[in-house]
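**Student:** There's a structure below that I have some questions on.
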Amino acid sequence: MSETFLWRLQRLLHGRGNSTEECVHDINHYMFYRFSIIPAVVISILLAATSTRRKLLSNFMGGRPGLIFPMDTMTRSARFSYSCAFGAMAFLVYLILKEHKFAFEYNGPVALKTLIAVLSMFIYGMVYFPVFASLALATAFSYLLGSLYTWMFLVVDVYKLTECSFNVTGRVVLLVHALPRLLCLAYLSVSLPFRFIRACKKQNFILPTLGEAPYCETLEKIKDSYQGKHVRRLLRKPDVENEAKGMIANLKLTLSNLADQFIYHRQSGFRFPSRLLSVMFASASVIYVVTVELLALLLHVYQEIKTVVAVTLYTSTFVPTIFMPTTFTEKHYIATLIIGVVKWSMIVSVSMACATSFINILFMLSSFRTNLYALYRGDSSQIPPPSAQNAASLCVGSIKYAGFQVAYIFWAYIISMCLYLVICFFLSAIILSLLHGYSDWLLHVVSQIWPSVISALAIMVLQMVLAKCIFLQGDGRHLRLDNRRFFFIFTYFMFFFNIFLGLFSCLLRILKAMVIGVMFLARLDCSTLPRRFEFFDPGFAAYQGYIHLEVAHTHPVVNVFIRLLAALSRSRSLSHTDLNTEDLKIPIYSQHKVLPTNVSARFHWHVLYTLLHNPT
């Protein structure tokens, strides 16, 4: 639990002048994670002993222990469990960035704090390594150890919530602040035991497969997989959509298409990668925690400022002016009004920034699916093809993507909050000036600019109407000129007017670029730079590497094709083994027809040709 957050909460609930005891945890943060390294290393060694080495000294000690990994970055299984594991660990990263909560106390030179932060990240990662490894190995033994290990973290976190003496409001605020981490640990505490029971039913006790076992799938299992459903949908004739009849039906269809285009919608037969969902969930958890802490800080600062202003109004004297009244009531009213504007502007800006971040996360999920399907089809109109960069750069980009995405979402949240705050202050100043009778300046500004605005709009509408009705053939449906003489004359005179219009258009372009750049800062799926300069955008380069590596290893058509070949090869080997058993009374040559050599060679050539022309 954040100690700074607890201190602010105590000051807010007990008041500024009351002396309250500082909440000190019985379980020290630094000691807990330092001692947690011991069970983490022991569990990791036990899990590694269940795996075997493939190349290095494979005959020594039976090939054990082997190298285990925390997560298969290409997997689609255990998505919610991985997301909760990342969500629980993301809070520690936030503590390092915000409160410099390293794995051990450090008071040395500031220049070495970065090295200490990196070392702390490694220690925290090692502490949570058994949770990820238990999900990756997917055995009853790993699930059992992972369950016990996760229960330890859940018990410690629940105990920390009950240490400090708070009233009901304080307890609720603490629970809301710690809700993402508690929910993540609670889900893992329930999910891992269920996976343990399922692994026992499948008799998968100790030895993991790690995705390296030969395929033993049937045709029905391949067809029912999400990749098989995708291929079956490609082979089916697309459904013909009936045209909507009537104004209400057209309106419903339009709204539905807009919702599908701009808001996330579920699509059957598609699974998001576990890594992508984990990154997005961790980002959402960090944004949630930051929002709760900012709102608590806002209420604390509001109470402090309110007290200071009240004391200042009682003790200070002001020179009477037009803008500064002399009576205490008027001064108190103005001070309360200004403080209220600041308070509600902060609340609105923080809430809007949080909502914008969550909406951007949904947009990125929908955009990833669209880009992934486009690359499956070979469409590189949105994402540059993999040939535009070398393979090493794409691999490095894939490694960077997860960390970059969380950091970009966090920075976009902070910057958009500042932008919303400026907008709220500006609108509040205009509204308050109008409510208190200061409207002459606004009328003066409107009277000065309205002729220019009306003229610009009229000329723009005139150009559009003339282009559709006079200058182009077929009422503007075809890009073929008509009435060329009139077109040449009109173009000549519009040259002078469009110079002045272009001056204001350039300012609007700069403003739009700034606003869109801030709004799309969190989205790595679209670069904020022009297409020719996208290579200068490190975030977009990381997204390119991630999605291209995903396409190269998870193409559903290629995977289903290879799985079908593996299933066919296995069925042939089984039939060949059955025919050579001594139990068969029928001669083999009468039941098993050997394929001619040329047919077998032709089959292998077709397989090689297909794989060479489908590198993904």
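**Student:** Examine segment 29-45 for a residue that is at pLDDT below 75 and either loosely packed, with under 12 Cβ neighbours inside 10 Å or of a type in the set (S, T, N, Q) (or both), and state whether such a residue exists.
**Tutor:** Scanning segment 29-45 turns up no residue that is at pLDDT below 75 and either loosely packed, with under 12 Cβ neighbours inside 10 Å or of a type in the set (S, T, N, Q) (or both).
**Student:** Could you please tell me which pairs satisfy a Cβ distance under 6 Å, a separation of 6+ or placement on different chains, a first residue in segment 73-85 that is among the polar types (S, T, N, Q), and a second residue that is at pLDDT 85 or above?
**Tutor:** 73/275; 75/274; 81/135; 81/191; 83/277; 83/278; 83/281
**Student:** Which count do you get for residues in segment 338-358 that are more than 18 Å from residue 302 (Cβ to Cβ) and β-branched (Val, Ile, Thr)? Before you say what the answer is, go through the steps one by one.
**Tutor:** So in segment 338-358, the residues more than 18 Å from residue 302 (Cβ to Cβ) come out as 352-358.
With the extra rule that they be β-branched (Val, Ile, Thr), the set shrinks to 356.
Going through segment 338-358 one residue at a time, the tally reaches 1.
**Student:** Something else about it: Only one residue in 553, 548, 576 is modelled with pLDDT under 80 and not in a loop (DSSP other than H, G, I, E, B). Which one? It would help to see each step written out before you state the result.
**Tutor:** Numbers: 553 fails: modelled with pLDDT under 80; 548 fails: modelled with pLDDT under 80.
Step by step, each of 553, 548, 576 is checked, and only 576 is modelled with pLDDT under 80 and not in a loop (DSSP other than H, G, I, E, B).
**Student:** Looking at segment 419-444 only, could you name the residues that are surrounded by 13 or more Cβ atoms within 10 Å (Cβ to Cβ), within 24 Å of residue 511 (Cα to Cα) and not aliphatic (A, V, I, L, M)?
**Tutor:** Within segment 419-444, 420, 424, 425, 428 meet the criteria.
**Student:** Here's something else I'd like to know. Of all residues in segment 171-205 being surrounded by fewer than 16 Cβ atoms within 10 Å (Cβ to Cβ) and of a type in the set (Val, Ile, Thr), which is nearest to residue 157 (Cα to Cα)?
**Tutor:** So the residue we want is 176.
Rundown of residues vs (1) in a helix (DSSP H, G or I); (2) out of contact with any Leu (no Cβ under 6 Å at 6 or more places or on another chain), yes/no style:
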| residue | (1), (2) |
| --- | --- |
| 368 | yes, yes |
| 378 | no, yes |
| 398 | yes, no |
| 404 | yes, yes |
| 411 | yes, yes |
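**Student:** Now, a different point. On the given criteria, is residue 69 at pLDDT 75 or above, among the aromatic types (Phe, Trp, Tyr) and in a helix (DSSP H, G or I)?
**Tutor:** no
**Student:** Moving on. Within segment 288-305, how many residues are at pLDDT 90 or above and more than 13 Å from residue 177 (Cβ to Cβ)?
**Tutor:** Number satisfying all stated conditions: 0.
**Student:** Let me ask another. Within segment 107-122, is there a residue that is in contact with a helix residue (DSSP H, G or I) (Cβ under 9 Å, 6 or more places away or on another chain), modelled with pLDDT of 80 or more and assigned to a helix (DSSP H, G or I)?
**Tutor:** Yes; the residues of segment 107-122 include at least one that is in contact with a helix residue (DSSP H, G or I) (Cβ under 9 Å, 6 or more places away or on another chain), modelled with pLDDT of 80 or more and assigned to a helix (DSSP H, G or I).
Per-residue answers, yes or no, for (1) surrounded by 12 or more Cβ atoms within 10 Å (Cβ to Cβ); (2) closer than 25 Å to residue 505 by Cβ; (3) β-branched (Val, Ile, Thr); (4) within 44 Å of the chain's Cα centre (by Cα):
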residue	(1), (2), (3), (4)
449	no, yes, yes, yes
455	yes, yes, no, no
466	yes, yes, no, no
478	no, no, no, yes
489	no, yes, yes, no
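**Student:** Looking for whichever is of a type outside the set (A, V, I, L, M, F, W, C), surrounded by 16 or more Cβ atoms within 10 Å (Cβ to Cβ) and over 29 Å from residue 290 (Cα atoms) here; the options are 75, 150. Which one fits?
**Tutor:** Of 75, 150, the one residue that is of a type outside the set (A, V, I, L, M, F, W, C), surrounded by 16 or more Cβ atoms within 10 Å (Cβ to Cβ) and over 29 Å from residue 290 (Cα atoms) is 75.
**Student:** Let me ask something else about it. Does residue 375 meet the test of being within 30 Å of residue 279 (Cα to Cα), at pLDDT 75 or above and surrounded by fewer than 16 Cβ atoms within 10 Å (Cβ to Cβ)?
**Tutor:** Numbers: within 30 Å of residue 279 (Cα to Cα): yes; at pLDDT 75 or above: yes; surrounded by fewer than 16 Cβ atoms within 10 Å (Cβ to Cβ): no.
The answer is no for residue 375.
**Student:** Among the residues of segment 167-178, is any touching a residue at least 24 places away in the same chain (Cβ under 8 Å) and among the basic types (Lys, Arg)?
**Tutor:** no
**Student:** With the structure loaded, tell me whether residue 281 is at pLDDT 70 or above and part of a loop (DSSP other than H, G, I, E, B) or whether it fails that test.
**Tutor:** no
**Student:** Just checking, how many residues over segment 434-481 are among the charged types (D, E, K, R) and at pLDDT below 85?
**Tutor:** 3
The values are calculated or read from the model by the stated rules, or taken from the named source; none is laboratory data. Since the model is a prediction, treat every value here as computed from it, not as a measurement. Because the Cβ atoms are built from the backbone with ideal geometry, glycine has one as well, and the counts that use them run over all protein chains shown.
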